[in-house]
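Shown next, in structure tokens, is the structure this report addresses.
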Amino acid sequence: MTNAVPDILARIVETKRAELERAAVPLAEWDQRAKEQMPHRRDFCAALKARVPAIIAEIKKASPSKGAIAPEISPAQVAREYEQGGAAALSVLTDAEFFQGSLEDLAQARQATHLPVLRKDFILEEIQIAEAAASGADAVL
């Protein structure tokens, strides 16, 4: 049995903690931005219940195991294609270091469609949930 998975997870968590320590925007500001987004929330659960099977389509530029997958993709374009293809919701990888994603990718995908959007990242702190909400995420994973 290999230790590769625990090793990469430990590296990801360590990197994410360092990233959070460097955060320039305080939690209170993210919370305020998130409150401003509240009227614009999309019902993630209802979207999943409305279709059988409900497809959550993922926007991912890279992964630790595969490396670059589609680093030059336009999150907005991919989101529109997924919506046209029948997706019930979107999942957007926002980790920069290991998945080449960003909150900007999430915001672009959200603006391009009417689908609810999930922020997929390594969530370690409350501030990341506020960041997600402020950036337009309707759910987090």
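Here are some notes:
- Separation of alpha-carbon centers, the range 57-73 and the range 111-141, rounded to whole Å: 18 Å
- Peptides 24-30, 42-48 ordered by packing proxy, namely the average of other Cβ atoms within 10 Å per residue, highest first: 42-48, 24-30.
- Measuring r between the beta carbons of Val52 and Val140 and using R0 = 25 Å, the FRET efficiency lands at 0.55.
- A straight chain from Glu97 to Gln84 at 0.36 nm per residue would run longer than the Cα-Cα distance by 1.7 nm.
- The count of lysine pairs in the chain whose Cα atoms are under 19 Å apart, excluding pairs fewer than 8 places apart on the same chain, comes to 6.
- Check: the chain dipole with +1 on Lys, Arg Cβ and -1 on Asp, Glu Cβ, in debye: 460 debye
- Shown for Ser102, Ser65, Ser135: other C-beta atoms within 10 Å of each C-beta, ranked fewest to most, produce the order Ser65, Ser102, Ser135.
- Each of Phe122, Phe99 was scored by other Cβ atoms within 10 Å of its Cβ. Listed from fewest to most, they are Phe122, Phe99.
- Cβ-to-Cβ counts within 10 Å put Ile73, Ile56 in ascending order as Ile73, Ile56, the fewest first.
- Computed on the range 64-141, the Cα convex hull volume stands at 90 Å³ per residue.
- Across the range 39-95, Cα pairs under 8 Å and at least six residues apart give a relative contact order of 43 percent.
- Computed over the chain: relative contact order in percent, which uses C-alpha pairs under 8 Å that are six or more apart: 27 percent
- Near Ser91, the amide H atoms lying under 5 Å from its own belong to Ala57, Glu58, Ile59, Leu118; only residues 5 or more places off or on other chains count, and H is placed 1.01 Å from N.
- Glu72-Gln32 FRET efficiency (beta carbon distance; Förster radius 30 Å; 0.05 resolution): 0.35
- Identified option (computed Rg and Dmax of the Cα atoms in Å; candidates (i) 15.6, 52; (ii) 14.8, 43; (iii) 15.4, 49): (iii)
Taken together, the values in this text are just the output of simple stated rules run on the coordinates, not laboratory data. A quick note: this is a predicted structure, and the numbers were derived from the prediction, not measured. Glycine gets a Cβ as well: all are built from the backbone with ideal geometry, and neighbour counts include every protein chain shown.
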